[in-house]
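Participant: Quick one: structure below, then a few questions.
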Amino acid sequence: MSKDHVVLDFLRLSVIEKVGFGNSVVSSMTGSPVFTNPDVPLATVITKNDLLESRFEASQKGGREETKLMYQAEDEWDEVMRKTALYVDRIADGDGALILNAGFNLAKQRAPGQRAEFVTENDDKPGTVLLRRIAVNGATAYIWQYAKEPLPADDSGWTTGATTAKASAVIAGLTPLTRYWFRVAAVTRQGTSAYTGPVMHAVV
């Protein structure tokens, strides 16, 4: 049986998404009985995250020098978050639940060329996310749900954001710079299917 591993997808996030992601990881790992001695102390992660946020804000009002400093802070952030991810991967030892509880995502384990069942992406409007899934034969509707980080322990923690006739939806009114979990179920003549595995997305 193959083991789960951390995916370094956060390195591809925008600067402002990285700030939200970093805050979420710190929140998830603080007080954890499993991740007790990170290779990079959480205090250092907080410092680099705050620095990246302040440099980003300065770059929006400044010039070339401020932008250069922001990119420098981003490189430093990338390095500490990469080390933190590798630490989580080592300690979790293939346990996907532990990886998710630390705030990181799992590397997808699917056959080459296989489409993802359910994908998310940011819209141009703040606090808005586009959701798509592979269409289900015979489906008459799709129920789209979301929940703020951390991942809910049961169904009561989920909110229905939309019900659509097609295999896509737009969820608006979410809190920017916040990580959400999304899932979807298909409604057919036989009843409502089980929800897809939850997918985490950093909303901007």
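The values are calculated or read from the model by the stated rules, or taken from the named source; none is laboratory data. None of these values were measured; they are calculated from a predicted model. Here the Cβ is made from the backbone with ideal geometry for all residues, glycine too, and neighbour counts use every protein chain on show. SASA here: full protein model, heavy atoms, side chains in, ligands and nucleic acids out. Shrake-Rupley method; radii C 1.70, N 1.55, O 1.52, S 1.80 Å.
Participant: Since E121 meets every condition but one in (1) within 14 Å of the chain's Cα centre (by Cα); (2) surrounded by 15 or more Cβ atoms within 10 Å (Cβ to Cβ), which condition does it not meet?
Facilitator: (2)
Yes/no per residue for (1) open to solvent by 70 Å² or more (accessible area, probe 1.4 Å); (2) assigned to a loop (DSSP other than H, G, I, E, B); (3) in contact (Cβ under 8 Å) with a residue 24 or more places away in the chain:
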residue: I143; (1), (2), (3): no, no, yes
residue: Y146; (1), (2), (3): no, no, yes
residue: A153; (1), (2), (3): yes, yes, no
residue: L174; (1), (2), (3): no, yes, yes
residue: R183; (1), (2), (3): no, no, yes
residue: V187; (1), (2), (3): no, no, yes
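Participant: When you look at I46, is it closer than 16 Å to E79 by Cβ and β-branched (V, I, T), yes or no?
Facilitator: Numbers: closer than 16 Å to E79 by Cβ: yes; β-branched (V, I, T): yes.
It is true that I46 is closer than 16 Å to E79 by Cβ and β-branched (V, I, T).
Participant: Now, a different point. I'm trying to understand the selection: among the residues of region 57-70, which are within 22 Å of V26 (Cβ to Cβ) and open to solvent by 50 Å² or more (accessible area, probe 1.4 Å)?
Facilitator: The answer is E57, and nothing else.
Participant: Take region 38-65 and flag every residue that is outside any helix (DSSP H, G or I) and closer than 14 Å to K83 by Cα. If you could, list the steps in order and put the result at the bottom.
Facilitator: Filtering region 38-65 for residues outside any helix (DSSP H, G or I) gives 38-41, 62-63.
Answer for region 38-65, where residues must be outside any helix (DSSP H, G or I) and closer than 14 Å to K83 by Cα: P38, D39, V40, P41.
Participant: Please enumerate the residues belonging to region 101-127 that are modelled with pLDDT of 85 or more, hydrophobic (A, V, I, L, M, F, W, C) and in contact with a helix residue (DSSP H, G or I) (Cβ under 9 Å, 6 or more places away or on another chain).
Facilitator: Those that are modelled with pLDDT of 85 or more, hydrophobic (A, V, I, L, M, F, W, C) and in contact with a helix residue (DSSP H, G or I) (Cβ under 9 Å, 6 or more places away or on another chain): A102, F104, L106.
Participant: So, I16, is that one within 20 Å of the chain's Cα centre (by Cα), among the aliphatic types (A, V, I, L, M) and modelled with pLDDT of 90 or more or not? Quick ask: steps written out before the conclusion?
Facilitator: Details: within 20 Å of the chain's Cα centre (by Cα): yes; among the aliphatic types (A, V, I, L, M): yes; modelled with pLDDT of 90 or more: no.
So I16 fails the test.
Participant: With respect to N49, is the statement that it is under 18 Å from the mean Cα position of the chain (by Cα), open to solvent by less than 40 Å² (accessible area, probe 1.4 Å), closer than 14 Å to I16 by Cα and touching a residue at least 12 places away in the same chain (Cβ under 8 Å) true?
Facilitator: yes
Participant: (1) assigned to a strand (DSSP E or B); (2) open to solvent by 40 Å² or more (accessible area, probe 1.4 Å): which one isn't true of Y195, the others all being true?
Facilitator: It is condition (1) that Y195 fails.
Participant: Residues that are outside any loop (DSSP other than H, G, I, E, B) and among the charged types (D, E, K, R): does region 92-115 have at least one?
Facilitator: Applying the first criterion (outside any loop (DSSP other than H, G, I, E, B)) to region 92-115 yields 92, 96-101, 106.
Then keep just the ones that are among the charged types (D, E, K, R); that gives none.
So far as region 92-115 goes, no, none of its residues is outside any loop (DSSP other than H, G, I, E, B) and among the charged types (D, E, K, R).
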